[in-house]
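Below you'll find the structure, written out as structure tokens, and then a few comments.
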Amino acid sequence: VGSYTAEALARSGVGNLFLIDKDTVDITNCNRQLCALDSTIGELKTQVMKKRLIDINPEIQIEIFNIFFLPETESEIKDKIFSDCDYIADAVDTVSAKLEIAKEAKKRHISLISAMGCGNKFDGTAFKIADISQTSVCPLAKVMRRELKKNGITDYKVVYSTEPPFKPLSGNMENTKKSPGSLPWVTGTAGLIMAGKIVTDITGS
């Protein structure tokens, strides 16, 4: 989701981006991530995306943070990330990280949009933008509703799918139960929808 969001923002003329991820490109990313190519396997995703986005717009300013954003992330790093931030696009996978991002956004009065579950989905037309209180079907949204309520966080904008998740075929894969299946038109659609909402909110279109 994040790679499509970042690229759409860059192609829309957004001039400054922070890219946050500690992960490296893996062959298993090639089905759905713009940074994943045979030639980039093993490279840091942030570095690959920065190079790609500068190739799209040489004037774009990009700062990268090669970290996994978590509750224990140092406050100095959080201050650096969020001190000059207009909008947060949350495309992380873990509930603890999403909750921490939501807390920071609320504390600092920064607009936020968060991607809910895209794994085990097939229908790219089933995505909607809504407040978390209006979501249904999505298992991740259900967990986030509960955790946000515990922390007194409301007005949490999300992109979520109304399609019930399916079980991928097991085949000979050992980790099918642990690793949800992902499709490029699903994750890509979610990322593009996120970017569109960010641009229209910033511009007031």
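The values are calculated or read from the model by the stated rules, or taken from the named source; none is laboratory data. All values derive from a computational prediction rather than experimental measurement. Reconstructed Cβ throughout: ideal geometry from the backbone, glycine too, with neighbour counts over all protein chains shown. With ligands, DNA and RNA removed, areas are computed over all heavy atoms of the protein, side chains included. Shrake-Rupley method; radii C 1.70, N 1.55, O 1.52, S 1.80 Å.
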| query | Across the range 28-54, what is the number of residues that are of a type in the set (Lys, Arg) and assigned to a loop (DSSP other than H, G, I, E, B)? | reply | 1
| request: Would you mind telling me which numbered condition in (1) over 18 Å from the mean Cα position of the chain (by Cα); (2) under 20 Å from Ile113 (Cβ atoms); (3) among the hydroxyl-bearing types (Ser, Thr, Tyr) Tyr4 fails? | output: (1)
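Looking at Ile202, is it open to solvent by 60 Å² or more (accessible area, probe 1.4 Å) and within 19 Å of Tyr87 (Cα to Cα)? Give the steps one after another, and end with the answer.
Values: open to solvent by 60 Å² or more (accessible area, probe 1.4 Å): yes; within 19 Å of Tyr87 (Cα to Cα): yes.
So Ile202 passes the test.
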| Given (1) open to solvent by 40 Å² or more (accessible area, probe 1.4 Å); (2) assigned to a strand (DSSP E or B), index of the condition Leu112 fails | (1)
| Would you call Ile77 open to solvent by less than 20 Å² (accessible area, probe 1.4 Å) and over 24 Å from Cys30 (Cβ atoms)? | no
| Taking the range 132-142 as the region of interest, how many residues are open to solvent by 40 Å² or more (accessible area, probe 1.4 Å) and either in contact (Cβ under 8 Å) with a residue 12 or more places away in the chain or not in a helix (DSSP H, G or I) (or both)? | 4
| said: Out of Leu70, Leu99, Leu140, I need the residue that is at pLDDT below 95 and among the aliphatic types (A, V, I, L, M). Which one? | reply: Leu70
| remark: Within the range 143-167, of all residues that are assigned to a loop (DSSP other than H, G, I, E, B), open to solvent by less than 40 Å² (accessible area, probe 1.4 Å) and of a type outside the set (Ser, Thr, Tyr), the one farthest from Tyr87 (Cα to Cα) is Glu163
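For the range 55-93, enumerate the residues that are of a type in the set (S, T, N, Q) and either touching a Leu at 6+ places or on another chain (Cβ under 8 Å) or not in a loop (DSSP other than H, G, I, E, B) (or both). Spell out how you get there, then give the answer.
Narrowing the range 55-93 to residues of a type in the set (S, T, N, Q): 57, 61, 66, 73, 75, 83.
Scanning the range 55-93 gives Gln61, Asn66, Ser75.
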| query | Counting only residues that are exposed (fewer than 14 other Cβ atoms within 10 Å of the Cβ) and either of a type in the set (Lys, Arg) or within 22 Å of Leu192 (Cβ to Cβ) (or both), how many does the range 94-107 have? | reply | 1
